[in-house]
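Here the structure comes first, spelled out in structure tokens, and everything after it is commentary.
The values are calculated or read from the model by the stated rules, or taken from the named source; none is laboratory data. Predicted, not measured: the structure shown is a model, and the values here were computed from it. Every residue, glycine among them, receives a Cβ derived from its backbone with ideal geometry; neighbour counts consider all protein chains shown.
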Amino acid sequence: MAPLRYIGGGRGAWSHRRDGTGPTGRPRLSEWVQVSEPARMRCPRVSLWGVLWLWLPLAGGRPLRPDKVQADTRNLTRTLSTRIRHLQLLPVTLRIRGLEVGEEVTPQTGGVPEGGGVPEAGLGALAQRLPPLQRLLGTLAPGHPPLAQVANDTENLRSLLLTLVTLLGCPLPAVSPPPGVPPRLAELVAEAPHTVAAVALARLRDCLDAIATRLDGPPAC
Amino acid sequence: MERRRSALRNKMYQQIILATFVLLGFLQVADAQCMVHQIPPRNFTLPCMLLNKTFLSPFSAEVVESWSGWRIEHGAPETKPPVLMNEESFLCCLWSDNNIDCSLYRASMQARKFIPSEISISASQEIDSNWNIECWIKGKLDLLVCTVQFLKLYLRADLKLNLLYAASELSLGDVSTSSLKGTVVAVQCDCSAYDRCECHLPSLGLNHTLIMWLKATVGGTPLWSPVASVKPIDIVKPEPPLNLHLDMTEEGQVKICWSHPEPMPYPLEYEVKISASSGQSSWQMVHVAEETSLAVDNTLLDSSHLVHVRCRNRHGPGFWSDWSSPYNLSWGAEVLYFPPKILTSVGSNVSFHCIYKNKSKTVVSKKIVWWLNLAEEIPESQYTLVNDRVSKVTLFNLKATKPRGSFFYNTLYCCHQNRECHHRYAELYVVDVNINITCETDGYLTQMTCTWSANPTTVLLGSSLQLRYYRSTIYCSDVPSTSPKSEVKECRLQKNHSYECTFQPIFLLSGYTMWIEFKHSLGTLESSPTCVVPADVVKLLPPSSVKAEITRNVGLLNVSWTNPIFANDDLTFQIRYAVNREEITWELYEVSNAPTRSAVIQVQKLCVEYVVQVRCRELTGAGYWSNWSGSAHTLVKDVKAPLQGPEFWRIIIEDPARRQKNVTLLWKPLMQNRSLCSVSRYVIKHQTSGNTTWSEYVDNGTTCSFPWTEHTHAVTVLAMNSMGVSSINFNLTLSQQMSTVSAVESLRAYLVNSTCVLLIWTLSPQIYTITSFVIEWKHLNKEEELKWVRVPPNISQYYIYDHFVLVEKYQFSLCPVFAGGVGKATTTDHFTKGDLQDLYVVYEIAACKGGYENENNTSLSVVLPIVISTSVLLLGALLVSHQRMKKLFWEDVPNPKNCSWAQGVNFQKRMDIL
């Protein structure tokens, strides 16, 4: 397991660099807007289509600046890291049996999905690691509002990453993660929700660390 | 031949066997079946069986009784509630075109199958023993009513009629006699009417199968009907249509409209009957309509016609409803508006159509004028002539309807141009749905609270407001628009009549498109949608760990803090600070970007306690200011060494016995703005003519005494605090030689009022330089401390502010202070009476009254009015004295014009009499 690393000095942040793209400076994407049902996990295939629609405004409407999206992505990454740190659910220096990939359970059979830990992974690949964690957190969310908020942030982060990947012309991941939570993992959630939450958050933070590393420099895949 | 006979015999046997089998088969089928009459949605006839004769049924081993005559008895039964029957028995009949065979079936018998079939007319030729029946479900669908009419009225006497029934969810083909076991209910029918009984059954499921039969008792003799069945939904008799009225289409076509009855179990079809009312030819037209309106010829409105409407099941069996109440077209057509009511939003345009009939004559459209609220005639330019009967008016850019009393709408009247209007009007409801939605995301970025408020005066009675929204994946669209995929967000009404809706958890970068939906029975309106990204409307948490201090040596207010969690590094801050007292007056200081999380503020007062608060906001201006942080307080501590030592004076008391003078030094406590900020002790430095120096310290108090033994004795008083001693200090030299030098020629004291005394002095020619004066005063009749003040050497007057009593005695002294020592004091102990003509003194006194010493400022304001008023008085006196002098020296000469003799004499003309 990758060692823990806190990023952003504990301060999640929102950087609103105005570029004249709207009354609040946020980019406006007429055609890109998808109507989503609140607080419901969405099919990744639909999101992918949403990202493909991004080309429509780029072709005919106001262009979306990559540095702007990158700044929002970076800020959301910091916010998520801060949230996770404040949840204080991280006994991750321990090795948890029963959840490790490659042991009793696997991603296919229900292991907690991998987070980051691969610095050379591209933004697209990192974005693809988020949906399983998001769905897992969404499963844990009922009765745990902070986890629901983390799940929502994760969904936003993934959308931003895919947008950035598209804007930068980076290759999109070929394989979408399987939808839903594997049955074995669902059993684990029911059996030991705290453990699953702690490990899932730890892996999400690993993923966030990897994303933050990719975003520190100029816009790049 | 024999073979032929044998074959013929065989064939005959075969036929007999076949016939026997057929007969047996028929008997078996008949044995297992009961025919059930299907009740139609109309009246029908059932035979009744009198069981007064028993015989063996050819197809049953049970006792079967055939029907025949009656006995006549009298009596009226009463309607009773349904009773569950313990033992079911009914006639199980089989009928054909010319015969009907019945057997009494009991529950203990073998189950038989029900077969639906109509009783043919020929089977009930015995018309004297028939019942004429009609069954229907009432329009409210809660009651099944059957009326039973007797064709033989003599049977009416002493009749008791029961209707027995059982309900099943199965269709009739799936129901057998066994299903009736334990489920049969009997209701007693009301036979109080002369020729009929009425049976009421509570409503069962409309799609159930109801199996029923009648059992009557006439003078103790039972009469039975065959079993009948019905699906209640097939015999519904709806309520008649309601609310007939005339309406108009946008094209000016008149139509008769109505409302369908409630409840409505299935789609209805309608029949509209238009007939000439009495006094005219009795023709009528019948139209069938599937909708609740029917276009009619406009010419029908010109004469009196009645309209009736009835309805029935559009696609299946059922009764026609009764005809509705008649509607007179001429009544409704006096004035017609289309639409009769409009609900719209502020700023929109609407149009109304009108047909106006004045005394049974339609007013041509070009003679129609429109009035608003019976008060304002709408300009003709807004009219459109749709055709020769229909006028249209359009209202533009509508303003919100202001409630007038209990009327929440504007009224539009369609009138004749001769200013005659019908009392009916069209209603216009204009609602202000420009509702602003403002959202705020909390500092933890977990919830977004949106608030909106509607003007209570524009919200109509019976209307409702709700916030609808949908979420975009990320960001907002350029032009927010409503969407059918939206959801309703629950909002809470606040005390200030606003609504508050909370989204939690939130999607920080998603666009939430929101609008307010205004729902009313007249329609639905929507406010303009607005899109909010939660990350753009964050109200940050306030800065924490705020600290404030006045820095030493520099003397500045130094404020430091910690940025809030979840905040960006690019923040702008506001610091408010104030002297901590009861009524705090804040001063604001802005810091646009503070990577050090601190700010330095220059403040006027260094030796007071400041209270400091900080708040922050995104540097770009997005979002909201945070709340103010908790207060930080500065500590009052020494910032610097005292700026200067205290002013001091001496009191010399001579001790003749010892031939010694004792000196007491008096000084005034050092103010905070000089001490910065406190004085821990005073240091008195002595230096005598023998060059002897020493110091002494006074920790508490402001006096110090010592003997004056040398010719000269110089004293310096220093103030001291934790930062050091004062660098600028006052000196005083006591000199035996200088103490005899007088410098003041005269000294006068003027009492201005009880709080002010003016001292004026003149100096004699000097050879010594005066460095300052010290004025002393004391109350001679009281044991009071000597009061003193040091004044500069270049003035010759001074206002002393104290409490003075005119009748008391005070002593005022003026001591010149030379560089070489204190000179001789000049003293006065009485007040000089000021002469009013001495303008100089008057103006000086006035200045004292004014409370300030500036000569130039007071001269004009005081001297000028006095000079002017004096001049006016002098002028007046001069005029009066002039008149008196005139009278004194000049005698009055009579006017000759007043004499009688002088009447008619022209004195202007010269007249020589000599």
The correct count of residues that are out of contact with any Pro (no Cβ under 8 Å at 6 or more places or on another chain), more than 9 Å from every other protein chain (Cβ to nearest Cβ) and not aliphatic (A, V, I, L, M) in the stretch B:464-481 is 3
Q.
Can you confirm whether B:Ser179 is among the hydroxyl-bearing types (Ser, Thr, Tyr), over 15 Å from B:Ile133 (Cβ atoms) and in a helix (DSSP H, G or I)?
A. yes
Of A:Ala210, A:Ala190, A:Ala197, A:Ala202, the only residue that is farther than 30 Å from B:Met448 by Cα and not in a loop (DSSP other than H, G, I, E, B) is A:Ala190
Those residues of the stretch B:364-376 which are assigned to a strand (DSSP E or B) and surrounded by 13 or more Cβ atoms within 10 Å (Cβ to Cβ) amount to B:Ile368, B:Val369, B:Trp370, B:Trp371, B:Leu372
Checked pairs for the stretch B:215-239, first farther than 14 Å from B:Lys138 by Cβ, second of a type in the set (Asp, Glu), C-beta under 8 Å and 6 or more apart or across chains, list as B:Val218/B:Glu73; B:Val218/B:Asp158; B:Gly219/B:Glu73; B:Gly219/B:Asp158; B:Gly220/B:Glu73
| Could you say whether any residue in the stretch B:604-617 is farther than 30 Å from B:Ser675 by Cβ, touching a residue at least 24 places away in the same chain (Cβ under 8 Å), away from chain A (no Cβ under 14 Å) and part of a loop (DSSP other than H, G, I, E, B)? | no
Within the stretch B:658-712, residues assigned to a strand (DSSP E or B), touching a residue at least 12 places away in the same chain (Cβ under 8 Å) and of a type in the set (Val, Ile, Thr) come out as B:Val663, B:Thr664, B:Val683, B:Ile684, B:Thr688, B:Val698, B:Thr703, B:Thr712
Taking the stretch B:444-463 and keeping residues touching a residue at least 60 places away in the same chain (Cβ under 8 Å) and away from chain A (no Cβ under 14 Å) leaves B:Trp452, B:Ala454, B:Leu460
How many residues of the stretch B:513-523 are modelled with pLDDT of 95 or more, more than 9 Å from chain A (Cβ to nearest Cβ) and either closer than 28 Å to B:Ala567 by Cα or part of a loop (DSSP other than H, G, I, E, B) (or both)? The answer is 1
Inside the stretch B:409-442, the number of residues satisfying the requirement of being within 14 Å of chain A (Cβ to nearest Cβ) and surrounded by fewer than 18 Cβ atoms within 10 Å (Cβ to Cβ) is 3
Every listed condition ((1) farther than 24 Å from B:Pro116 by Cα; (2) at pLDDT below 85; (3) loosely packed, with under 14 Cβ neighbours inside 10 Å) holds for B:Leu170 save (1)
Tell me, yes or no, whether the stretch B:756-776 has at least one residue that is touching a helix residue (DSSP H, G or I) at 6+ places or on another chain (Cβ under 9 Å), within 16 Å of B:His830 (Cβ to Cβ) and surrounded by fewer than 18 Cβ atoms within 10 Å (Cβ to Cβ). yes
Would it be correct to say that A:Gly143 is of a type outside the set (D, E, K, R) and at positive phi? yes
Those residues of the stretch B:282-296 which are within 23 Å of B:Thr362 (Cα to Cα) and in contact (Cβ under 8 Å) with a residue 40 or more places away in the chain amount to B:Ser293, B:Ala295, B:Val296
If you go through A:Thr73, A:Thr93, A:Thr109, the only one that is of a type in the set (Ser, Thr, Tyr) and at pLDDT 90 or above is A:Thr73
Taking the stretch B:377-397 and keeping only residues that are in contact (Cβ under 8 Å) with a residue 40 or more places away in the chain, in a loop (DSSP other than H, G, I, E, B) and over 38 Å from the mean Cα position of the chain (by Cα), one is left with B:Val386, B:Asn387, B:Arg389
Screening B:Arg597, B:Arg581, B:Arg552, B:Arg576 for residues that are under 24 Å from B:Val636 (Cα atoms), within 14 Å of chain A (Cβ to nearest Cβ) and out of contact with any Cys (no Cβ under 6 Å at 6 or more places or on another chain) leaves only B:Arg597
Counting only residues in the stretch A:141-168 that are in contact (Cβ under 8 Å) with a residue 40 or more places away in the chain and over 20 Å from A:Thr79 (Cα atoms), the one surrounded by the most Cβ atoms within 10 Å (Cβ to Cβ) is identified as A:Val165
Note on the stretch B:381-410: residues of a type outside the set (Gly, Ala, Ser) and under 19 Å from B:Asn358 (Cβ atoms) are B:Tyr383, B:Leu385, B:Val386, B:Asn387, B:Asp388, B:Arg389, B:Val390, B:Lys392, B:Val393
Counted residues in the stretch B:398-428 being out of contact with any strand residue (DSSP E or B) (no Cβ under 6 Å at 6 or more places or on another chain), under 17 Å from B:Ile378 (Cα atoms), not charged (D, E, K, R) and not in a strand (DSSP E or B) come to 1
All-but-one check, B:Glu271 against (1) in contact with a Lys or Arg (Cβ under 6 Å, 6 or more places away or on another chain); (2) surrounded by fewer than 14 Cβ atoms within 10 Å (Cβ to Cβ); (3) modelled with pLDDT of 90 or more, failing number (2)
When every residue in the stretch B:555-573 that is hydrophobic (A, V, I, L, M, F, W, C) and assigned to a loop (DSSP other than H, G, I, E, B) is compared, the one farthest from the other protein chains (Cβ to nearest Cβ) is B:Leu556
Discussion item. Against the condition in contact with a strand residue (DSSP E or B) (Cβ under 9 Å, 6 or more places away or on another chain) and among the basic types (Lys, Arg), how does B:Arg552 come out, does it pass?
Written reply: no
Counting only residues in the stretch B:530-549 that are aliphatic (A, V, I, L, M) and assigned to a loop (DSSP other than H, G, I, E, B), the one nearest to the other protein chains (Cβ to nearest Cβ) is identified as B:Val533
Counting only residues that are crowded, with 17+ Cβ neighbours inside 10 Å, over 12 Å from the mean Cα position of the chain (by Cα) and part of a strand (DSSP E or B), the stretch B:492-511 contains a total of 3
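Residue check: is B:Glu710 surrounded by 14 or more Cβ atoms within 10 Å (Cβ to Cβ) and acidic (Asp, Glu)?
Yes; evaluated as a whole, the condition is true for this residue.
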